[in-house]
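Q: Take a look at the following structure, please.
The values are calculated or read from the model by the stated rules, or taken from the named source; none is laboratory data. Keep in mind that this is a model prediction, so the values were computed, not measured. Using ideal geometry, Cβ is built from the backbone for each residue, glycine included, and neighbour counts are taken over all protein chains shown. Only protein heavy atoms, including side chains, enter the accessible area calculation; ligands, DNA and RNA are left aside. Shrake-Rupley method; radii C 1.70, N 1.55, O 1.52, S 1.80 Å.
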Amino acid sequence: MPTLRIDQREISVPQGTKVIEAAEKLGIMIPRFCYHPALGSLGACRMCAVKFMEGPVKGVEMSCMVEAADGMVVSTTDPEAMEFRRYVIEWLMLNHPHDCPICDAGGQCLLQDETVSGGHGLRRYQGLKRTFEDQYLGEFVQHEMNRCIHCWRCRRFYQEFAGYFDYGAMQIGNRMYFGRFAPGPLESPFAGNIIDLCPTGVLTDKPSRYKGRRWDLQRGPSLCLHCSLGCNLVGSARYREMIRVEARFHGAVNGYFICDRGRYGFAYANHPDRPRQARVGEEAAPLDQALKTAAQRLGQIRERYGPGAVAAWGSTRSSLETLGMLQWLCQDQGWRGPQFFPQASLARRVKAAVARLDTGMAVSLRDLENADFIVVAGADPVQEAPMLALALRQAARRGATVAVIDPRPVFLPLEYEHLPVSPGDIDLCLNLLSQAARSEEAATGKLEPDAARFYGLLTSTNLEDPLLQERLLALGRKLQDCLRPVIVCNTDMVRETTPARAADQARLLQADKGQAGLFYLLPGPNAYGAALLAGREEVDLLAAMEQGGVKALVVVENDPLGSCPDQERLLRALDNLELLVGLDYLPSATAARSQIFLPTTTVFEKEFSHFINQEGRLQQAVPLHQGGTPIIQVGQGSHPPRTFLDAIPGGEPRPGAGILADLAAALSGEPAPPTAGDLWDYLSGEHEGFSQLASLTASALGEGVHLLPAEAQEPAWSPEPGEKPPEPPAGQLELLLVDQTFGTEELGSYAAPLQKVEEEPHLLLHTDLAADLGLAPGEQVALLLPGGEVTVRLQTAQNMAPGVAIMPRHRRLHWQKTGDGPVWLPPENIKKLSEPL
Amino acid sequence: MSTLPPELQTELAQQVAAADHPREQVINIMYVLQKHYGYMSDEAVEEAAALLDMTPLEVEELATFYDFIYREAVGKFVIHVCDGVVCWMFHEGSVFDYLCEKLGVCAGGVSADGMFTVLPSACLGFCDHAPAMLINGVFYGHLNPEKIDAILEKLRREYCDLVICR
Amino acid sequence: MGEQVLLLNRQPDRPLSLEEYRQSGGYEALMAAVGKRTPEELRQLVLASGLRGRGGAGFPAGKKWSFIGKGHPRYLIPNTDEMEPGTFKDRVLVNVNPHLVLEGIILSAYAISAAKGIFFIRPSYEMDAELIERELGVAREAGFLGENILGSDFSFDLVVHRSAGRYICGEASAQVNAIMGRRPHPNKEVHMTDAGLWGKPTIVNNVETLACVPAILRKGPDWFKGLARSKDGAGTKLFCVSGRVNRPGCYEMPMGTPFNEILDEAGGMSPGSELKAFLPGGASTSFMPPKFSQVQMDFEPLKETGNRLGTGAIMVFDQNTCLVGATLNLLDYFTRESCGFCTPCREGLPFIRDLLLRLEHGEGKEEFIPMLKQMAHHMFKAYCAFAPGAASPVLGLLHHFEAEIREHISQRQCPFKGK
């Protein structure tokens, strides 16, 4: 721990700390441009010069380039250092266009701040400014190259940190140009981060362009709901419109960055068709009145058919408050449910995963970056949870081996090994990997009895493809020497056995190496919470509705018509209902079909809400504004609006939890259902995973807490690890429904900026298989599914499992025709419709 | 799809494959493509990227850095006029101006006959023969208008195949 | 002229052949070293010889070699970028005796156990690149290069890397980036000797430095030290003399030869020219007025005057040359060649250039002088040695020729215009 003095104040810092970081710990912000904690030191901007008065380094040096050492005496205010810094800022401003009044970075611009703090006020340079032509960089990032001060942050993030190479530095000297080879959309799904990183207005947020100065915005800490990772955000609203989202630092989750889905998905909150008014039948109604009507109708049905005739269906995108209240309501009223997942098999997979997590096994995204061997089983990170890919890249940059066992043509922005096997073979691959990683004797000799017994049960069937088998064994041998392995597993497209199997293998690795991690992806931002609430009991509302036992369905922030894989069946079941009550903030098909509709708020509005990410971390989203129809929509572009009301237009929606509480009160006639404080008490009694909740202080909730149990709920080892999951009938294909970075995720599919960048949906087949079937890429094909026909364009790939057909759950594709569970498909069910375009 | 002649494509692919590290061939590849296309055209950048398993941007990052890679069309002969301080001492820019006037071009432009481009160049290392210029790998020193005229005439007459980096 | 070591047997119109070189002891050092002496012995001999880098920085070669890391393969990069204005000694050296250069490279590779050499050469030296490539083949035929050199277990081969220009490529770490197909910006974060080319131990040496090695091994470090005329100097130096002299050219003279003797060797000042100033070692050294005529041309004596030996490229200016104009020309060059990586170099040099341009055009103001001084001094806090080099002639101008600047200001024009 070197001890040094900076501006007469002493501090001890860990070995390897740079002086600029040591100063920051003392609260001294040394000016900087190129240095960034996530990107490290570069030494290019020369802005962080300080004077080293005593110690091993002497004179004016860059504080980002010098490691703190014992005996150093540093002055940040020395006249020579200050004069140099003043010159640096003067040089940087030579060519800067001084267009702050029309620059979106104005007011949130490091260059402005450092110009003032550097003491550069008078322009002495009389030469001409060099100018550049800007490029179109896609729908997210606005380019204004004249403002560039060449700090390198964008390129370092884009290429080194994130691993994409379509954006960089061209030319030389002060003509150096940051951009693309040719104008066009940035290819990286992390491109938006260069906006946050840019110290001035070269790269600004395009969708929010000219929409307000920072001080005009209602800003606050929020959470990303566009996958299960729970990245931290800063949200900004103005004039009742969600304007912009930036990354918010979280040391264990997302670091300094977020993906573009998380950055631009928020726009669902501004959707012009967002239902903001309560409705009874076709008629708009005040919310409290519609709520009363709903209570009345639900009460009637309960009276007529019994409490089990009412069922509730929620989703994993609701806050813990809403989920908990829905659970309480069902218990209080004796309703059926709630069901939280679109289909029963998914619920089982998620529950199996969550039951295996404990403090000893679960790793955060940050932990993952320090792993030295990562097995990604049944996951396609860029498509499903992009920030996972960024963490994998950091691990790879530190030397980790990354092996992906997945049928899809997985792309990762890093060096990795991909084994394209069908979902049915993933468990086997994990077995083989385990076996190759340790010899039998080593295993039985070294491992504790339970682990050794499990190891003994692993089958050693070989993979059909000897080449894949060999690659897998080679990976296993590499795993032998690794010390900090992690298994990553999604719960989406894998067999039901796989999440548990991944946990077994991780536990085996832990028994062997003393250290190993487990990292799941779950379907939705609050899937962890939903899985805990769902408990062991299985609810299958669809079946119950079909059987006619359900007469009224309360659908809370959920769109079964969009997410249930068998829409025909669902529609028939819905026809059996006497009443459909919908609560939502999305203009979904289910919302539209509801006979009584009650509008809810988004995560950005009115009240605090909490979500539990896939590693059991409870996090808080702070409301940014009171909601209501954005002024730009009310005024139809004109401002100020010409009608004057005493209520906020479109301001009626309330948090789902509050509406459910009032519904409960109206149903029971008792005025006091659990309020927020009591809700935590209620939840902590509901599941041991929630037991901490009752004792949490407000500040702990604000910071977020890890809810993981010390020991996983489920026994450590699956009883039959050798059991092979179901195989497709000979000669048939398995249809896999998958996610895409843009276009499949529910909330984001209502966000206008994301709609602009989503890829066309495609059916993906192995190149050889397509050729065998006489199909060519680009052709329209008809896919005959159990629930009917889907028309889709064909794409082919070499690096995918041969026996599968892959289709995204794309918003522009009517894919809900498969039914639950694996879908087997005879190849002749794929028919050519037209020649390629 | 590649527009290179198949033989050249194969030759370059082999050159890349034979390298310990393909990327160390990037400048060599650019020189060959520059010679083939006459300059490092957009197409050439894309060809180089494909050959080297790089993105066009990565090639462009290099192509635009170096002054002997021409990203814009040039004449058959590129005249690099030394503007080092010693040459400056002797001609104070007049060689460059004379050439431009003689050929009717400005810096970087191509003469009407497509033969010449004049570029100012970093000290060529021919200071003992100042003022100097470099054309097609050959130095010409102790320049004066008469000598320049004769050199241009000779180049026009005896057009020869270019050495690799011109 | 003194003893010729590097330019021995110089022919006016052609390089020496392998046979000619061997007749005067060529490759004897190699035969005596490979398999007979350990690399460590070679490193010690070169360290003892006091050989300092001839590329500009003057770092002791033996010391640099002693830092070589443990990894393999190791790389040796003979640096023939020679982009320092006024410098053409490496071109002359390669053209006089390519095999001396090659023997020096092979011996140095042996000393650091390098498996591969990359001969980095600037594009304007294409003819010389071809020459070296041809002679490489000759040396390989003769068994001096390639697998199991001279039957030993030492294998080393050399390839020519053609650069595509830019001054910064002469900087060792930028040069390594250039070879790896990356943008050639300098990189101080890695130690070349541990993690240079492709992350392996790498030594970058100027070819003149390497060409000294065969003679050091043949005749011993003491002999080499004795060649110099300065107190702590060693060896001979290739001095490139250009500008207003009678016989501009490259002359091999003892390290530490006084400037005026080198000037005499180059035939003295041109007719009608009087010495006004000289740059002792390329564009990135500082102007010196005639009072320094006696200065010994070596690293330490020049350092004592606040200047640098640089590459030993002497540029001679006479009374009719405007030094503001000359400095402007140099700054034009440095501004254009700046790689753009760090702020002082990328933005500060154009600012300095702009002030010089205004001075030269008679738009100068008194306040430019302190600004120039401050900025030139601050250039020394840039990332690499480029900007300090660019600032050196500016500082020389300000220090010794401030009166000339003031004439530009007071006369509102360049006093040399129309003369």
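Q: Among A:8-16, C:267-275, C:123-131, how do they line up by average Cβ neighbours within 10 Å per residue, starting with the highest? List each step's numbers first, then the result.
A: On the way: A:8-16: 12.1, C:267-275: 14.3, C:123-131: 22.1.
Listed from highest to lowest mean packing, they are C:123-131, C:267-275, A:8-16.
Q: Using Stokes-Einstein with the Kirkwood hydrodynamic radius over Cα pairs, what translational diffusion coefficient do you get for the protein assembly as shown at 37 °C and a viscosity of 0.692 mPa s, in µm²/s rounded to a whole number? Before the final figure, lay out the partial values.
A: Details: Rh = 35.8 Å.
Translational diffusion coefficient: 92 µm²/s.
Q: May I ask for log10 I(q)/I(0) of segment A:1-127 at q = 0.09, 0.17, 0.21 Å⁻¹, from a Debye sum over the Cα atoms as equal point scatterers with solvent left out?
A: Treating every Cα as an identical point scatterer, log10 I(q)/I(0) equals -0.27, -0.86, -1.18.
Q: To the nearest hundred square angstrom, how large is the accessible surface buried between A and C, total for both chains, probe 1.4 angstrom?
A: Numbers: alone 32070 and 16820 Å², together 46110 Å².
The contact between C and A buries close to 2800 Å².
Q: What is segment A:262-301 by shape, rounded, prolate or oblate, if you read a ≥ b ≥ c off the alpha carbon gyration tensor as root eigenvalues and call it rounded for a/c under 1.5, prolate for a/b larger than b/c, and oblate otherwise? If you can, show how the numbers build up before the last one.
A: Numbers: a/c = 3.87, a/b = 2.49, b/c = 1.55.
Taking the square roots of the gyration eigenvalues as a ≥ b ≥ c, segment A:262-301 is prolate.
Q: Another question, if that's okay. Roughly what percent of Cα-Cα pairs across segment C:155-290 reach past 20 Å?
A: Of all Cα-Cα pairs in segment C:155-290, 62 percent lie more than 20 Å apart.
Q: Cα convex hull of segment C:228-318: mean projected area in nm², to one decimal?
A: 4.8 nm²
Q: With Rg and the Kirkwood Rh both taken from Cα atoms, where does Rg over Rh land for segment C:133-220?
A: 1.02
Q: Students often check this: by mean Cβ neighbours within 10 Å, which of A:534-547, C:202-215, C:391-404 ranks highest, and how do the rest follow?
A: The packing order, highest mean first, is C:202-215, C:391-404, A:534-547.
Q: Ratio to report: Rg/Rh of segment A:438-516, with Cα atoms as the point set and Rh obtained by the Kirkwood method; give two decimals.
A: 0.96
Q: What Rg and what Dmax come out for segment A:348-522 when only alpha-carbon atoms are used, in angstroms?
A: Values for segment A:348-522 (Cα only, Rg and Dmax): 14.5, 41 Å.
Q: At 1.4 Å probe size, with every protein chain present, just tell me what the per residue accessible area of segment C:228-318 comes to in Å².
A: Value returned for segment C:228-318: 31 Å² of accessible area per residue.
Q: Let me ask something additional. Each residue of segment C:373-383 in order: what ³J(HN,Hα) in whole Hz does its phi give by Karplus 6.51 cos²θ - 1.76 cosθ + 1.60, θ = phi - 60°, with x for Gly and Pro?
A: Rounded to whole hertz, the list is 4, 4, 5, 4, 5, 5, 4, 6, 9, 6, 5.
Q: Something else now. Could you give each residue of segment A:39-50 its phi-based ³J(HN,Hα) in whole Hz, using Karplus coefficients 6.51, -1.76, 1.60 with θ = phi - 60°, and x for Gly or Pro?
A: Result, ordered by residue: 9, x, 7, 9, x, 8, 7, 6, 7, 8, 5, 9 Hz.
Q: Using a 10 Å cut-off around each Cβ of peptide B:77-89, what is the average number of partner chain Cβ atoms that fall inside?
A: Mean shielding count: 6.
Q: Give me a single rounded figure for C:234-246: the average over its residues of other chain Cβ atoms within 10 Å of their Cβ. Write out the running numbers ahead of the final one.
A: Numbers: counts 0, 0, 0, 0, 0, 0, 4, 2, 12, 7, 3, 1, 0.
Partner Cβ neighbours, averaged per residue: 2.
Q: Over all directions, average the projected area of the Cα convex hull of segment A:599-652 and note it in nm².
A: 4.9 nm²
Q: Farthest toward the dipole's positive end in segment A:692-761, which of A:GLY743, A:PRO715, A:THR697, given Cβ charges of +1 (Lys, Arg) and -1 (Asp, Glu) about the Cα centre?
A: Farthest towards the positive end: A:THR697.
Q: Quick one: angle between helix A:426-437 and the longest Cα principal axis of chain A, in degrees between 0 and 90, rounded to 10, please.
A: Computed tilt is about 50 degrees.
Q: Under 16 Å Cα to Cα from C:LYS231, which aspartates and glutamates show up? Leave out anything in the same chain fewer than 8 places away.
A: Partners within reach: C:ASP222, C:ASP298, C:GLU300, C:GLU304.
Q: Report ³J(HN,Hα) in whole Hz for each residue of segment A:555-568, in order, from the Karplus equation J = 6.51 cos²θ - 1.76 cosθ + 1.60 where θ = phi - 60°; Gly and Pro get x.
A: Per residue, the Karplus-derived 3J(HN,Hα) values read 9, 10, 6, 7, 10, x, 5, x, 10, 6, x, 10, 5, 4 Hz.
Q: At a 1.4 Å probe radius, which order do A:LEU233, A:LEU39 fall into by accessible area, largest first?
A: So, going from the largest accessible area down, we get A:LEU39, A:LEU233.
Q: Please give the Cα centre distance for segment A:246-289 versus segment A:392-422, rounded to the nearest Å.
A: Using only Cα atoms to place each centre, the spacing works out to 32 Å.
Q: For peptide C:374-384, what's the mean number of Cβ atoms from other chains within 10 Å of each residue's Cβ?
A: Neighbouring Cβ atoms belonging to other protein chains average 4 per residue here.
Q: Using the Cα atoms as the points, what is the convex hull volume per residue of segment A:460-614 in Å³?
A: That works out to 191 Å³ per residue.
Q: Order the following by accessible area, largest value first: A:ARG484, C:ARG37, A:ARG147. Probe radius 1.4 Å; ligands, DNA and RNA are ignored.
A: A:ARG484, C:ARG37, A:ARG147
Q: Further question on the same structure: Tell me the angle of helix A:344-356 to the major Cα principal axis of chain A, expressed in degrees between 0 and 90 and rounded to the nearest ten.
A: For helix A:344-356, the angle is close to 50 degrees.
Q: Hey, another quick one. If you line up the long axis of helix B:94-103 against the longest principal axis of chain B, both from Cα atoms, how many degrees apart are they, to the nearest 10?
A: Its long axis makes an angle of about 70 degrees.
Q: If you don't mind, another one. Taking R0 as 51 Å, what FRET efficiency do you get between A:ASP678 and B:GLN9 from their Cβ-Cβ distance, rounded to the nearest 0.05?
A: Values: r = 74 Å, r/R0 = 1.45.
Efficiency for this residue pair is about 0.10.
Q: Still on this model: Based on the Kirkwood radius over alpha-carbon pairs, what value in µm²/s does the Stokes-Einstein equation return for the translational diffusion coefficient of chain A at 4 °C and 1.567 mPa s? Numbers along the way, then the final one.
A: Details: Rh = 28.9 Å.
The estimated diffusion coefficient comes to 45 µm²/s.
Q: List the residues, sorted by chain then number, that are 5 or more residues from A:LEU785 or on another chain and whose placed amide H is less than 5 Å from its amide H.
A: HN-HN under 5 Å from A:LEU785: A:VAL790.
Q: Here's a follow-up. Work out, step by step, the length gained on full extension between A:GLN8 and A:GLU538: first 0.36 nm times the residue separation, then minus their alpha carbon distance; give nm to one decimal.
A: Residue separation times 0.36 nm, minus the Cα-Cα distance, leaves 184.3 nm.
Q: In chain A, if the dipole is taken from +1 on Lys/Arg beta carbons and -1 on Asp/Glu beta carbons about the Cα centre, which of A:GLY138, A:LEU769, A:ALA49 is farthest to the positive end?
A: A:ALA49
Q: Follow-up question, since we're still on this one. Where the centre of each part is set by its Cα atoms, how far does segment A:127-158 sit from segment A:589-641, in angstrom?
A: If we compute the Cα centre of each part, the gap is 34 Å.
Q: While we're here: Amide H neighbours of A:GLY627 under 5 Å, counting only residues 5+ apart in sequence or on other chains, H built in-plane at 1.01 Å?
A: Those lying under 5 Å, H to H, from A:GLY627 are A:LYS606.
Q: Of A:VAL556, B:VAL138, which has the most accessible area with a 1.4 Å probe, and how do the rest follow in descending order? Display every interim value, and only then the final one.
A: On the way: A:VAL556 0, B:VAL138 55 Å².
These residues rank, largest area first, as B:VAL138, A:VAL556.
Q: Would you please give the FRET efficiency between A:TYR136 and B:ALA17, computed as 1/(1 + (r/R0)^6) with r the Cβ-Cβ distance and R0 = 30 Å, to the nearest 0.05? Before the final figure, lay out each step's value.
A: Values: r = 36 Å, r/R0 = 1.21.
Here the calculated transfer efficiency is 0.25.
Q: Using a 1.4 Å probe and ignoring any ligands, DNA or RNA, find the accessible area of B:PHE116 and quote it in Å² to the nearest 10.
A: Rounded to the nearest 10, the figure is 0 Å².
Q: Holding the Cα-Cα limit at 19 Å, pick out from C:LYS63/C:LYS225; A:LYS25/C:LYS381; C:LYS89/C:LYS381; B:LYS35/B:LYS76 the pairs that are longer than that. Kindly include the intermediate steps, with their values, before the conclusion.
A: Working: C:LYS63/C:LYS225 16 Å; A:LYS25/C:LYS381 25 Å; C:LYS89/C:LYS381 30 Å; B:LYS35/B:LYS76 10 Å.
Too far apart for the 19 Å limit: A:LYS25/C:LYS381; C:LYS89/C:LYS381.
Q: Let me ask you something else. Take the Cα gyration tensor of segment B:6-63, multiply each eigenvalue by 5, square-root it, and list the three semi-axes largest first, rounded to whole angstrom.
A: Calculated on Cα positions only, the semi-axes equal 16, 14, 9 Å.
Q: May I pose another question? State, to one decimal in nm, how far the label point of A:GLU417 lies from the label point of A:ALA752, with both points 7 Å from Cα in the Cβ direction.
A: Here the modelled spin labels are 4.9 nm apart.
Q: Please check which bits of segment A:202-222 a label hung off A:ASP99 would reach, taking the label as a point 7 Å along Cα-to-C-beta and the cut-off as backbone N under 11 Å.
A: Hits in segment A:202-222 for A:ASP99 at 11 Å: A:202.
Q: Between A:SER668 and B:GLU101, how many nm apart are label points set 7 Å from Cα along the C-beta direction?
A: Reported label-point gap for A:SER668 and B:GLU101 is 10.0 nm.
Q: Can I ask one more? Using the Kirkwood radius over Cα pairs, work out the Stokes-Einstein diffusion coefficient for segment B:77-157 at 37 °C and 0.692 mPa s, in µm²/s as a whole number.
A: The estimated diffusion coefficient comes to 268 µm²/s.
Q: How much length is gained on full extension from A:GLU578 to A:ARG366, taking 0.36 nm per residue of separation minus their Cα-Cα distance?
A: Full-extension gain reported as 71.4 nm.
Q: Among the lysines, select those whose C-alpha is under 19 Å from the C-alpha of C:LYS70, and discard any that sit fewer than 8 residues away in the same chain.
A: Hits, sequence-local ones excluded: C:LYS116, C:LYS200.
Q: I need the peptides C:15-24, C:224-233 ranked by packing, meaning the mean over residues of other C-beta atoms within 10 angstrom, with the highest value on top.
A: Numbers: C:15-24: 16.4, C:224-233: 18.6.
Packing proxy ranking, top to bottom: C:224-233, C:15-24.
Q: Could you list, bin by bin from short to long, the percent of Cα-Cα pairs of chain C in 20 Å steps?
A: Taking all Cα pairs of chain C, the binned fractions are 27, 56, 16, 1 percent.
Q: Using every pair of alpha-carbon atoms in segment A:89-130, split the distances into 5 Å bins beginning at 0 and state the percent of pairs per bin, rounded to integers.
A: 5, 22, 31, 25, 15, 2
Q: What percent of all Cα-Cα pairs in segment C:18-226 falls into each 10 Å bin, going from 0 up to the bin containing the maximum distance?
A: Whole-percent P(r) values from 0 Å outward: 9, 38, 39, 13, 0.
Q: Here's something else I'd like to know. Taking only the C-alpha atoms, wrap a convex hull around segment A:286-406 and report its volume per residue in Å³ as a whole number.
A: 153 Å³
Q: Something else now. Can you give the FRET efficiency to the nearest 0.05 for C:SER410 and C:SER293, using r as the Cβ-Cβ distance and R₀ = 22 Å?
A: 0.15
Q: Any number yet on Rg/Rh for segment A:687-754, C-alpha, Kirkwood?
A: Numbers: Rg = 21.1 Å, Rh = 17.9 Å.
In segment A:687-754, Rg relative to Rh is 1.18.
Q: Accessible area of C:CYS414, 1.4 Å probe, to the nearest 10 Å²?
A: 0 Å²
Q: Roughly to the nearest percent, how much of the accessible area of segment B:6-63 is carbon and sulfur, given a 1.4 Å probe?
A: 49 percent
Q: Shifting gears a bit: Testing the spin-label approximation: label points 7 Å from Cα along Cα→Cβ at C:HIS399 and A:THR77. State their distance in nm.
A: 3.4 nm
Q: Just list whichever of A:LYS478/A:LYS756; C:LYS237/C:LYS276; C:LYS237/C:LYS417 have alpha carbons separated by over 31 Å in the model shown.
A: Numbers: A:LYS478/A:LYS756 43 Å; C:LYS237/C:LYS276 24 Å; C:LYS237/C:LYS417 37 Å.
From A:LYS478/A:LYS756; C:LYS237/C:LYS276; C:LYS237/C:LYS417, over 31 Å: A:LYS478/A:LYS756; C:LYS237/C:LYS417.
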